[in-house]
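The values are calculated or read from the model by the stated rules, or taken from the named source; none is laboratory data. Everything quoted here is computed from the prediction, not taken from an experiment. For neighbour counting, all protein chains shown are included, and Cβ atoms are generated from backbone atoms with ideal geometry for every residue, glycine included.
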Number of protein chains: 2
Amino acid sequence: MTEAAEEERADRAYVTLQDVARDAGVSLATASRVLNGTAQVRADLRERVLASAGRLSYTPNAHAQALASSSSKSVGVVCHDVSDPYFAAVARGVMRTAAEHGMLVMLASTFRDPAREIEYVAMLRAQRARAILLIGSGFEDRDWERAMAAELDPYQRTGGRVAVLSRHRSLKVDAVLPQNREGAAALARALLDLGHRDFGVLTGPHALTTVADRLGGFTDALAGAGVRVRPEHIVEAPFTRDGGYAAATELLRRGTRPTCVFAVTDVMAIGALAAFRDRGVAVPEEISLAGFDDIPIVRDLTPPLTTVALPLDAMGERVMGLALREPAARRSRIERVAGEVVLRASTAAPR
Amino acid sequence: MTEAAEEERADRAYVTLQDVARDAGVSLATASRVLNGTAQVRADLRERVLASAGRLSYTPNAHAQALASSSSKSVGVVCHDVSDPYFAAVARGVMRTAAEHGMLVMLASTFRDPAREIEYVAMLRAQRARAILLIGSGFEDRDWERAMAAELDPYQRTGGRVAVLSRHRSLKVDAVLPQNREGAAALARALLDLGHRDFGVLTGPHALTTVADRLGGFTDALAGAGVRVRPEHIVEAPFTRDGGYAAATELLRRGTRPTCVFAVTDVMAIGALAAFRDRGVAVPEEISLAGFDDIPIVRDLTPPLTTVALPLDAMGERVMGLALREPAARRSRIERVAGEVVLRASTAAPR
DNA sequence: GCGCGTTCAGAAAGCGCTTTCTGAGGTACC
DNA sequence: GGTACCTCAGAAAGCGCTTTCTGAACGCGC
C-alpha cells in the first residue's frame, strides 16, 4: 500500500470491504465471497483478498452484515440480577455454549422489575437477536403475561427463537424446567425421615412461579404424611440473602419455633443461617435448615447446607442449546431437570 | 389498516419504517423524524405517525439504525468468568449504569484464555460497540499486550472508548484501579499489629497484575517491619476457590505452619477456609486467615473473613461511567479506588 | 467448427434506516 | 403587492455489506 493510500485510509472512520476489494483489485462481490467462503474463487484472487484484508486489518461491520443478510450473531439473555449466585452459575453454562456456537451474548438485568423485563425484550428484538433467553422465574400475573406474549409472539413469528429457564404458564416457548415441586417434595420426605414434624418455610414473593411450586411441593408432601405447616411458620420475604435474614428473624420473633426450616432458595438460606447465628440459635442442634438450588458456595458454609441440587451449569447449557437448535416442529420443547436432595450438616434429627 | 394491508404485512418479515410512513401517509424522512424527535414536525402528522407505529407495533431495526447513523446503543464487557463472585458484584454496578444510559451490554467471558480475550475484543469491534470494558486483571505478557493494543488502538482511533478495571501496564486507556499494593500493605500492617510474625501467602498466577501487586504490597510492608515471608510459605495456585483449597492444603503439607495466612483474593480464601476445616485446623485459633476484595458472601462465612474491602458495585459503576463519558482530552483518566481493611473473626492474635 | 453447458468475476439491487439537500408554502416587512 | 426569510415535508443519497443476476471465458461433444 502506498503512503498516499495509507493516509487516505486514516481519514475514513473504518476500513471497509470496499477498501479491501480496491486494494486487492477485485470486485466487492469477490471480496465478500472470499471472506465468507460463500463460493469458489480463483486461487490467486483469493490470496490477494486475504492478504489485503490482513494488511489493512479489516474488520467487517457486523451491522452491515446483519442488515444485508438479515441474520445476526448475537443472542439475548434476560436475567433478574447478574450478581445472584444462582444466575451466575447458570450463566456460566450459557456463556460457554454461546461461545461454542460463535455467538455473542447481550445481557440484560431487570432487577426484578417486570416492566423492565418487557422493555428489554423489545430492545433485543430491535437488535434482531437470533434468540432470546429468559432466565429465572416468571411472574404469575395476567397483565404481565399478556404484555410479554405481545412482544414474544411477533418475535417468534418472524423467526426469533425463545427459550426460558423456569416458569411460565402461558408462554408457548421452549423451556428447561427444574422439577421444583418434585424436588421440594423429596426434600420434605427426607426431612420427615430425619424425624422432623414441625416445619417452618421461608418463602419468596408468591407471584413467582418458582416460589409457588417449591412451597406447594413441600407442603403437599408433608400433608401426604399427615404433617401441616402452621401458617405463622410460613414467612414471605424478598428473594435475596437479606430477605432470608429478615424472614428467619421474623420466624424466631413469632415465638413457637419449628425444629426444621426450609428456605425456598439457597440464597435465602444463607441469610437465614446468618440470622440464626446472630441470634445464637445453633444449626443444626437447635434448628435444622435446608435450601434449594445447590449454588456452589453452600458447600463452604458452616455448617454446609442441606439442599436440593440442581445442575445449574448444565441447565444454562441446555437452555442455550434449545435456543440455538433448529426450531421445534410445531410445539415447544420441554426439558425437565430433576433435583437431587443432598443432605449435609445443616440438618440433623430433632432433639 | 385494511385486511389486504394486514395480509401483505404478514408476508414481510418485519414492519419497517417504510410501512409506518405509508400507513401514516407521510414520507420516510418525516416518520424517522417523528420517531426520533430529531426535528419539528406538524402536530397532525406527528400524531398520525405515532398512531401508525403503535398500531403496527413497529420495532426499529437497530442494525439499520446503527449503519445509517454510524453509532450504536451497545457496550461490550469482557470478563474472565461470569460466575466469579468478584465479577458478579462488579457487574451489578456495570449493568445498572448501562441501563441508566439506555445501553445494552454485550458480555463476553474469556474463561481466562488470553487469546480468547483478544478475539472477543475483535468481535465487539465488529459490532461497533460504543465502548469496550475490560474487567479483571490483565496479563503481564509482552506478546499479549502487543496483540491487545493492536486491536484497541485502531478501535480507539475510530472513536471507540475503552475502559479497564484493574491492570494494564501498557494500555493507554481510562482505568479504575483498586489500590492493590496499598490495600495489601495496610492489611499486612493490621496483621502485624495483631501480633503475627510468621505469614503464609496463597497466591494466584504471577502473570496477573493484580496478583503481583497484592503479593508485592503485602511482602514489602512486612519487610518494612523486618518480617520476611519464608519462600516455602508462598504457594501459587489457580485464581479460584479450588485453587485456594489446593494451595492451603499444600501449605499445610509443607510442614512448618505460619500463624497467619493471606489469600490474595476472597475466592481463594474461601477455598482455604474449607481446606483448614477439612484438616481440622481451627480458624482463627490455630491459624488466622485473611482475604482481599470483600465479596458479599465472606460476611456469612464461619468465621466471617477478614479482608480488604473494595467497593465492587461502585467500581463497576465508575468504570462504565468512564467509558460512557466524553472521551478524555488526550491522556487516559485514572480513578484510584482505595481498599479498606476490615477485621473480622477469621483473624486473631497468634497463640 | 459450432452450439451448449459450466464456472466464476463483476454489476447492481437491495437490507432499513438517517440525514442532507431541495423546494413548497407561509409570514414579515417595506 | 413583491421580496426576503423562515419553517418544515419530501426526495434521494448514502451507511457497508450480501446476493442475485448477468455475462465473459472456457471446455466439451458432435
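Details
- Condition check for A:Ser27: within 11 Å of chain B (Cβ to nearest Cβ) and either within 16 Å of DNA strand C (Cβ to nearest atom) or modelled with pLDDT of 95 or more (or both): no
- Residues within the range B:148-178 that are among the charged types (D, E, K, R) and out of contact with any helix residue (DSSP H, G or I) (no Cβ under 6 Å at 6 or more places or on another chain), tallied: 4
- Test result for B:Phe276, within 14 Å of another protein chain (Cβ to nearest Cβ), farther than 24 Å from B:Phe87 by Cα and touching a helix residue (DSSP H, G or I) at 6+ places or on another chain (Cβ under 8 Å): yes
- Qualifying residue in the range A:131-145 (condition: surrounded by fewer than 24 Cβ atoms within 10 Å (Cβ to Cβ), of a type in the set (Phe, Trp, Tyr) and touching a residue at least 60 places away in the same chain (Cβ under 8 Å)): yes
- Tally of residues being touching a helix residue (DSSP H, G or I) at 6+ places or on another chain (Cβ under 6 Å) and within 16 Å of DNA strand D (Cβ to nearest atom) across the range B:62-77: 6
- When the range A:30-57 is limited to residues that are within 7 Å of DNA strand D (Cβ to nearest atom) and within 14 Å of another protein chain (Cβ to nearest Cβ), the one that is surrounded by the fewest Cβ atoms within 10 Å (Cβ to Cβ) turns out to be A:Asn36.
- Residues in the range B:58-84 that are touching a residue at least 60 places away in the same chain (Cβ under 8 Å) and facing another protein chain (nearest Cβ under 10 Å) were compared, and the one that is nearest to A:Val90 (Cα to Cα) is B:Asp84.
- The range B:30-42, residues that are more than 6 Å from DNA strand C (Cβ to nearest atom) and part of a loop (DSSP other than H, G, I, E, B): B:Gly37, B:Ala39, B:Gln40, B:Val41, B:Arg42
- For the range A:67-84, filtered to residues that are polar (S, T, N, Q) and part of a loop (DSSP other than H, G, I, E, B), the residue that is farthest from DNA strand C (Cβ to nearest atom) is A:Ser83.
- Looking across the range A:284-326, the residues that are part of a loop (DSSP other than H, G, I, E, B), within 10 Å of chain B (Cβ to nearest Cβ) and surrounded by 22 or more Cβ atoms within 10 Å (Cβ to Cβ) come down to A:Ile295, A:Leu301.
- For beta carbons closer than 7 Å, sequence separation of 6+ or different chains, a first residue in the range B:153-167 that is more than 28 Å from B:Tyr86 (Cα to Cα) and a second that is surrounded by fewer than 21 Cβ atoms within 10 Å (Cβ to Cβ) and among the acidic types (Asp, Glu), there are no qualifying pairs.
- Residues being within 42 Å of the chain's Cα centre (by Cα) and surrounded by fewer than 18 Cβ atoms within 10 Å (Cβ to Cβ) - total across the range B:15-29: 3
- Residues that are among the hydrophobic types (A, V, I, L, M, F, W, C) and away from chain A (no Cβ under 14 Å), drawn from the range B:152-168: B:Val162, B:Ala163, B:Val164, B:Leu165
- Residue check, B:Ala64 of a type outside the set (Lys, Arg) and either more than 11 Å from DNA strand C (Cβ to nearest atom) or under 20 Å from A:Leu124 (Cα atoms) (or both): yes
- Those residues of the range B:85-120 which are facing chain A (nearest Cβ under 9 Å), closer than 20 Å to B:Gly271 by Cβ and either without any contact (Cβ under 8 Å) to a residue 24 or more places away in the chain or under 10 Å from the mean Cα position of the chain (by Cα) (or both), in sequence order: B:Phe87, B:Ala88, B:Ala89
- Of residues in the range B:121-141 being assigned to a helix (DSSP H, G or I) and either among the acidic types (Asp, Glu) or under 23 Å from B:Thr210 (Cβ atoms) (or both), the one nearest to the other protein chains (Cβ to nearest Cβ): B:Leu124
- Residue in the range B:242-257 that is surrounded by fewer than 22 Cβ atoms within 10 Å (Cβ to Cβ), at pLDDT 95 or above and within 11 Å of chain A (Cβ to nearest Cβ) present: yes
- Members of the range B:31-49 found to be among the β-branched types (Val, Ile, Thr) and in contact with a helix residue (DSSP H, G or I) (Cβ under 6 Å, 6 or more places away or on another chain), listed by number: B:Val34, B:Val41, B:Val49
- Only one entry in B:Arg214, B:Arg257 is outside any helix (DSSP H, G or I) and basic (Lys, Arg), namely B:Arg257.
Every residue, every condition in (1) closer than 21 Å to B:Arg116 by Cβ; (2) of a type outside the set (A, V, I, L, M); (3) at pLDDT 95 or above; (4) assigned to a helix (DSSP H, G or I), yes or no:
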position: B:Met148; (1), (2), (3), (4): yes, no, no, yes
position: B:Val162; (1), (2), (3), (4): yes, no, no, no
position: B:His168; (1), (2), (3), (4): yes, yes, no, no
position: B:Glu182; (1), (2), (3), (4): no, yes, yes, yes
position: B:Leu187; (1), (2), (3), (4): no, no, yes, yes
position: B:Leu192; (1), (2), (3), (4): no, no, yes, yes
